[in-house]
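> Here it is: the structure, laid out below.
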Amino acid sequence: MRHFLDIHTTDPAELRAIIDDARAMKTARTGRPKGAPDDAQPLAGRMVALIFEKPSTRTRVSFDVGVRQMGGATLVLTGSEMQLGHGETIADTARVLSRYVDMIMIRTFEEATLQELAEHATVPVINGLTNASHPCQIMADILTFEEHRGPISGKKVVWCGDGNNVCASFLHAAGQFGFDMTFSGPQVLDPGAEAVAFAREKGATVRIERDPARAVDGADLIVTDTWISMHDAQSARERRHNLLRPYQVNRELMEANGNRALFMHCLPAHRGEEATSEVMDGPNSVIFDEAENRLHAQKAIMRWCLGG
Ligand code: CP
Ligand code: NVA
């Protein structure tokens, strides 16, 4: 059994195998109703706990549907309803859940919570987003990019806006999949130094370019995300908006790129803030393919965790 905790802590050959498996599984069920079982049932008889300490639409539904397509069953748990939210330790929660379920997906706040859960669980643990990273999202994004544009290796990705958890996972992926990454945002919201250092150590070129129009020159993919993440204080809203407004992805920015790049956003979006509806619904946008591919990528991740 294996945990899927982060992109930078997973072997690059394994990551590639997961993406290829996701693509094959997606192709195999083309045209089938969403509730129809896959031919292969690697989760037959398996129970998967999905723990949410933060809200979710895509992660919750895509994991739940994916488990069912592969023959398993799910338990969706919210942190506040569990003893975990009332003082029971993470380690005890991990030991107890491991007696009932075959796999655990958790969306939580601190990275340390995820690590502690994984340390004490005797079943695979999957990271469904922390304040620090969102690896399942970026696996879906790699799958999406490659469906549209072929191998991502050697391509140029530009992140506009807040250097947040999703940005960190993109930087990890730049190192593991071998693409270049440019960050364009205000200095106070730069991505974490560790994620940047990881990508560079692995040989990826990472640039910081404060001028977004210059940043997108030659880009193959332009990505953004909400200006206020679930772990950010609402009191920081006005300050963040003022800092991030110059980094909105809009028609002018896409034109500065010559309209050659794909546009991605993990969603949920605040239309008219980090990106305009014109871009989100425009010809370069693949945001709903990304959302769909959460399902296929996570199915491959779960199969990999169980040794498949
Ligand atoms: N992109 C993503 O993780 O969406 P949810 O918050 O809806 O799960
Ligand atoms: N950066 C966002 C991603 C949501 C899927 C957040 O953490 O809230």
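Throughout, read-outs are computed from the coordinates displayed, never taken from laboratory work. Just so we're clear, the structure is a prediction, and the values are computed from it rather than from any experiment. Positions of Cβ are backbone-derived with ideal geometry, glycine not excepted, and every protein chain shown enters the neighbour counts.
> Need one word for the stretch 124-185: rounded, prolate or oblate. Basis is the Cα gyration tensor (sqrt eigenvalues a ≥ b ≥ c); a/c below 1.5 gives rounded, then a/b vs b/c decides.
oblate
> Which log10 I(q)/I(0) values, to two decimals, does the chain give at q = 0.11, 0.15, 0.16 Å⁻¹ under the Debye formula with one point per Cα?
Here log10 of I(q) over I(0) equals -0.65, -1.20, -1.34.
> Sticking with this structure for a sec: Kindly state, to the nearest 0.05, the FRET efficiency for D190 paired with R149, given R0 = 22 Å and r defined as their beta-carbon distance.
Working from the Cβ atoms, E equals 0.20.
> Given axes a ≥ b ≥ c from the Cα gyration tensor, I'd like to know whether the stretch 1-159 is rounded (a/c under 1.5), prolate (a/b larger than b/c) or oblate.
oblate
> I would also like to ask the following. How far apart, in nm, are the 7 Å Cα→Cβ label points at E111 and R271?
Rounded to a tenth, the inter-label distance reads 3.5 nm.
> Calculated FRET efficiency, R239 and S80, Cβ-Cβ r, R0 22 Å, to nearest 0.05?
0.15
> Quick check: pseudo-label points 7 Å beyond the Cα along Cα→Cβ at A213 and H231, how many nm apart are they?
Computed distance between label sites A213 and H231 equals 3.5 nm.
> On to the next question. Contact order normalised by length for the stretch 135-290, with contacts defined as Cα pairs under 8 Å and 6 or more residues apart; what percent is it?
Normalised by residue count, the contact order of the stretch 135-290 is 23 percent.
> How large is the charge dipole for the stretch 160-253, taken about the Cα centre, if only the Cβ atoms of Lys, Arg (+1) and Asp, Glu (-1) carry charge, to the nearest 20 debye?
Computed about the Cα centre, the dipole is about 160 debye.
> Give the distance, in whole Å, between the Cα centre of the stretch 199-232 and the Cα centre of the stretch 107-159.
Measuring centre to centre over Cα atoms gives 17 Å.
> Please give the direction-averaged projected area of the C-alpha convex hull for the stretch 135-290, in square nanometres with one decimal.
In nm², the orientation-averaged hull projection of the stretch 135-290 is 8.0.
> Neighbouring Cβ atoms within 10 Å as the yardstick, rank L15, L267, L221 fewest first.
Ascending number of Cβ neighbours within 10 Å: L267, L15, L221.
> If you don't mind, another one. Starting from the Cα-Cα distance between E255 and A91, subtract it from 0.36 nm times their residue separation and give me the gain in nm to one decimal.
53.9 nm
> While we're on this one: Taking a temperature of 4 °C and a viscosity of 1.567 mPa s, what whole-number D in µm²/s does Stokes-Einstein yield for the stretch 70-151 with Rh from Kirkwood over alpha carbon pairs?
It diffuses with D of about 92 µm²/s by this estimate.
> Can you bin the stretch 39-99 into rounded, prolate or oblate? Criterion: square roots of the alpha carbon gyration tensor eigenvalues sorted a ≥ b ≥ c, rounded for a/c under 1.5, prolate for a/b above b/c, oblate for the rest.
oblate
> Hey, fewest Cβ within 10 Å first, where do H241, H134 land in order?
H241, H134
> Helix-only estimate, please: 222 nm mean residue ellipticity of the chain, summing -39500 (n - 2.57) across DSSP H runs of length 4 or more and dividing by its residues, to the nearest 500.
-12500 deg cm²/dmol
> Which order do S229, S277, S184, S133 fall in if you start with the one that has the fewest other Cβ atoms within 10 Å?
Ranked by crowding around the Cβ, least crowded first: S277, S229, S184, S133.
> Under 15 Å from a point 7 Å along the Cα-to-Cβ line of A197: which residues of the stretch 160-176 have their amide N that close?
Label zone hits: 172.
> Note the count of lysine pairs whose C-alpha atoms are less than 18 angstrom apart in the chain, limited to pairs 8 or more residues apart or on different chains.
Taking the Cα cut-off of 18 Å, the pair count is 5.
> Which order do the peptides 123-129, 89-95 come out in when sorted by mean C-beta neighbours inside 10 angstrom, highest first?
Order by mean packing, descending: 123-129, 89-95.
> Which distance in Å, rounded to a whole number, links the C-alpha centroids of the stretch 248-308 and the stretch 12-29?
That distance is 19 Å.
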